[in-house]
Amino acid sequence: MVRASKHTFRTVVFVAVLQGFFTLSGSKLMAASLDVGAVAPKLHITEWVQGEAIDLQKEIGKRAVMVEFWAVWCPPCKESIPRLTKIQTRYKNQLAIVGVTAPDSRGNTPTAVRKFVKDQGSGMNYWVAIDDRDQTTDAYLAAAGAMGIPHAFLVGKDGKIAWQGSPLDPDVENVIDGVIRGTYDAKTEAEVARKFQQLDGALGRRQWDVVSKGLADIVKIAPANELALRALRRVYLEEMNKADEYRSWARGHVSANRSNGRAMLVLGGVLMEVADFSQRMPDLALEATKAAYEASKPADPESTTLYAMALHQIGALDRAIVVQQEAVKAYEGEQRASAQAVLDYYSQCKQLQAGTN
């Protein structure tokens, strides 16, 4: 079974990415029969708590659908909610995220679910549905051999399952982007997972040269793989202390993938998160975020916001303000308010800058 997000690579050395799953109470164990490439099962829903009812058959050819399983008692599920809301906002009519939950004896009652969703307000801004007698849970989770939540299934516009895994997987947005664009390749993702597995031993032995080469190979196959990009930065800068080699690699990555907006967005974010100021590379961060911004027309709010941030970091406040204004227009709801707060901050910095000259 192809599951790009599940492998034995010791991610704890890098980032706490693959969160612990919470075992489903009462789920029926059975041999995995639902695989990537299979037609997505029908959604059997007893109540649509939020959003109009969705019929997967009617979504074919229109948009992708993510069917995500969760419960009110599950901490990782709660952690995934802001991210899913962000993703839904970003892709708007190109994607519908459906959070499916099954009533159980652990307090996940219909009443508790309704209250939980109401309390979240706009912070849980996607479809929410209550399973009908575990029919949807069995058709997806049990049939796929999945043992816990949160767990998601991404259904492509062809009505078939393109991916499954944790919604907390750092690469999930890259997967969604690929599925929507029609460029996602499950075989490639399986190869990436296999290469991560092959690095497990070298990581345990702290063979950083081997690990860095393996991670670079993964990025060649999947240029926007966030886990590999973050790990590579840490290996070069923190484990090997080879900032010059990392700079050379990063420059080559930008040169080779300038038109790949998602790859540039991820790399730009990774570069801007370097904690040690002596190792920061503002020129490459600016170049990568600008490439992401230019590749995302019409304006993608996330890419636009990150480019504005890179401009702000180098003191190009006038340009940062103009770009952030674009981000404000591209966002909606609470995210627009947050983007406006960033714009106000840049404007305040500009005023202070003028007063110190």
Checklist entry - Per residue, what volume in Å³ does the Cα convex hull of region 102-176 take up? => result 123
Item to check | Convex hull per residue volume in Å³, alpha carbons only, for region 139-199 | outcome: 100
Item to check | Chain lengthening between D132 and D55 when straightened (0.36 nm per residue, less Cα-Cα) | outcome: 26.3 nm
Item to check | Sites E47 and A354 - FRET efficiency at Förster radius 51 Å, r taken between beta-carbons, to 0.05 | outcome: 0.35
Next on the checklist: Just to confirm the number: angle between the C-alpha axis of helix 333-356 and the first principal axis of the chain, 0 to 90 degrees, nearest 10?
Outcome noted: 10
Item to check | In Å², nearest 10: area of D200 left accessible to a 1.4 Å probe | outcome: 30
Checklist outcome for this item: From the cross-link list K92/K115; K92/K242; K86/K157; K78/K213, the entries with a Cα-Cα span beyond 32 Å are K92/K242; K78/K213
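If you count only protein heavy atoms with a 1.4 Å probe, what accessible area per residue comes out for the chain, rounded to a whole Å²? Numbers along the way, then the final one.
Values: 16130 Å² over 357 residues.
In whole numbers, the chain has 45 Å² accessible per residue.
Any idea what diffusion coefficient region 221-357 gets from Stokes-Einstein, in µm²/s, Kirkwood Rh on alpha carbon pairs, 25 °C, 0.890 mPa s?
Values: Rh = 15.5 Å.
It comes out at roughly 158 µm²/s.
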Checklist outcome for this item: Given backbone amide H placed at 1.01 Å from N, residues whose amide H is under 5 Å from that of L168, ignoring those fewer than 5 places away on the same chain, are none
Checklist entry - Based only on the alpha carbon positions, what is the Kirkwood hydrodynamic radius of region 220-290, in angstrom? => result 11.9
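Considering only protein heavy atoms and a probe of 1.4 Å, how much of the accessible area of the chain is carbon and sulfur, as a whole percent?
On the way: 8100 of 16130 Å².
The computed percentage sits at 50.
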Checklist entry - Across 20 Å bins from 0, what is the distribution of all Cα-Cα pair distances for the chain, in whole percents? => result 28, 56, 16, 0
Checklist entry - H312 accessible area, nearest 10 Å², 1.4 Å probe? => result 50
Checklist outcome for this item: Note on region 204-344: contact order normalised by length, alpha-carbon pairs under 8 Å, 6 or more apart, percent, works out to 15
Checklist entry - Rounded to the nearest 500, what is the chain's calculated 222 nm mean residue ellipticity when only DSSP H runs of at least 4 contribute -39500 (n - 2.57) each, over all residues? => result -15500 deg cm²/dmol
Checklist entry - Can you list the residues, at least 5 places off or on another chain, whose amide H is less than 5 Å from the amide H of E47, using H built in the peptide plane? => result I130
Item to check | Convex hull of region 301-357 built on C-alpha atoms - directionally averaged projected area, nm² | outcome: 3.3
Checklist outcome for this item: Once all protein chains are kept in place, E294 shows an accessible area at probe 1.4 Å, nearest 10 Å², of 110
Checklist outcome for this item: Of E68, E52, ordered by accessible area with the largest first and a 1.4 Å probe, the sequence is E52, E68
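For the full complex of protein chains and a 1.4 angstrom probe, list C349, C74 by accessible area with the highest value first. Could you put the intermediate results ahead of the total?
Numbers: C349 30, C74 0 Å².
Of C349, C74, the descending order of accessible area is C349, C74.
Antiparallel DSSP bridges in the chain: what percent, to the nearest 5? Write out the running numbers ahead of the final one.
Values: 16 of 26 bridges.
Of all bridge pairs located within the chain, approximately 60 percent are antiparallel.
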Item to check | Separation in nanometres of the label points that stand 7 Å from Cα toward Cβ, at N93 and A275 | outcome: 4.5
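How large is the convex hull of the Cα atoms of region 38-186 per residue, expressed in Å³ as a whole number?
Working: hull volume 15.1 nm³, N = 149.
Cα-based convex hull of region 38-186, divided per residue, equals 101 Å³.
The values are calculated or read from the model by the stated rules, or taken from the named source; none is laboratory data. Everything numeric in this text was worked out from a predicted model, so none of it was measured. No Cβ is skipped: glycine too gets one built from the backbone with ideal geometry, and neighbour counts run over all protein chains shown. Remember, those area values only see protein heavy atoms, side chains included, never the ligands or the DNA or RNA. Shrake-Rupley method; radii C 1.70, N 1.55, O 1.52, S 1.80 Å.
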